[in-house]
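**Student:** Pasting a structure below so you can have a look.
The values are calculated or read from the model by the stated rules, or taken from the named source; none is laboratory data. Just so it is clear, the structure is predicted and the values come from calculations on it, not from any experiment. A quick note on method: Cβ atoms are made from the backbone with ideal geometry, for glycine too, and the neighbour counts reach across all protein chains shown.
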Amino acid sequence: MRSRSRPRGETRFDGFLVVFAIAVVMWLSEIADALAGHRLDQYGIEPRDADGLAGIVAAPFLHAGFGHLVSNTVPFLILGFVIAFKGAIRVLAVTAIVAFVAGLGTWLIAPADTLHLGASGVVFGYATYLLSRGFFDRDVIELVIGLVVGAIWGTALLGGLLPQEGISWQGHLFGAVGGVVAARLLAKGRAEP
């Protein structure tokens, strides 16, 4: 007799735990940063500086204060939980692809002598992943989810791509690109994480 239970890492609950755990790490990082006099911010993305490459991994967990963190946490949790319906492995795969593309793209094209922090690139990637995965999967329910995401966050997504002082539109842009890349790489028939 075969078990109908899904392997560890593939359940929705596991996916929700991963999203929640990432958000907790972001909050703990910001608390530690505040206690350290914001010295952890130096580990953000510094474009075209070899030391700034570490920021590709660190930047999504670092924020320019608690207001910045709150503005990223809410959509991160909502969009992350939607992705988590496919399990923890899917959330981890999407997050890794998006964070890498967002970070590397920012490192390559953002202005020199700037510092880029925050999870907004991941948020943009989560949104475009959800917007595009139905197209790649040819799944009606996923297309509807994408339409809902577009209706709720479409204006914010487009506005976040406009160059603004103090906003890393490069992180937003490449996060969005990373979301589409993740949707394509993880499409049904190509991979089954």
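**Student:** As an exercise: evaluate Asp51 against (1) modelled with pLDDT of 95 or more; (2) in a helix (DSSP H, G or I) and give the number of the one condition it does not meet.
**Tutor:** Going through the list (1) modelled with pLDDT of 95 or more; (2) in a helix (DSSP H, G or I), Asp51 breaks only (1).
**Student:** Sticking with this one: So if I check each of Val24, Val70, which one is closer than 19 Å to His172 by Cβ, modelled with pLDDT of 95 or more and surrounded by fewer than 18 Cβ atoms within 10 Å (Cβ to Cβ)?
**Tutor:** From the options Val24, Val70, the qualifying one is Val70.
**Student:** Among the numbered criteria (1) closer than 20 Å to Ser29 by Cβ; (2) crowded, with 21+ Cβ neighbours inside 10 Å; (3) not charged (D, E, K, R), which single criterion is violated by Leu77?
**Tutor:** (2)
**Student:** Taking the range 151-186, which residues are hydrophobic (A, V, I, L, M, F, W, C), under 17 Å from Ala99 (Cα atoms) and in a helix (DSSP H, G or I)?
**Tutor:** Leu157, Trp169, Leu173, Phe174, Ala176, Val177, Val180, Val181, Ala182, Ala183, Leu185, listed by residue number.
**Student:** Going through Ala34, Ala64 one at a time, which residue ends up being aliphatic (A, V, I, L, M), in a loop (DSSP other than H, G, I, E, B) and surrounded by fewer than 20 Cβ atoms within 10 Å (Cβ to Cβ)?
**Tutor:** The match here is Ala64.
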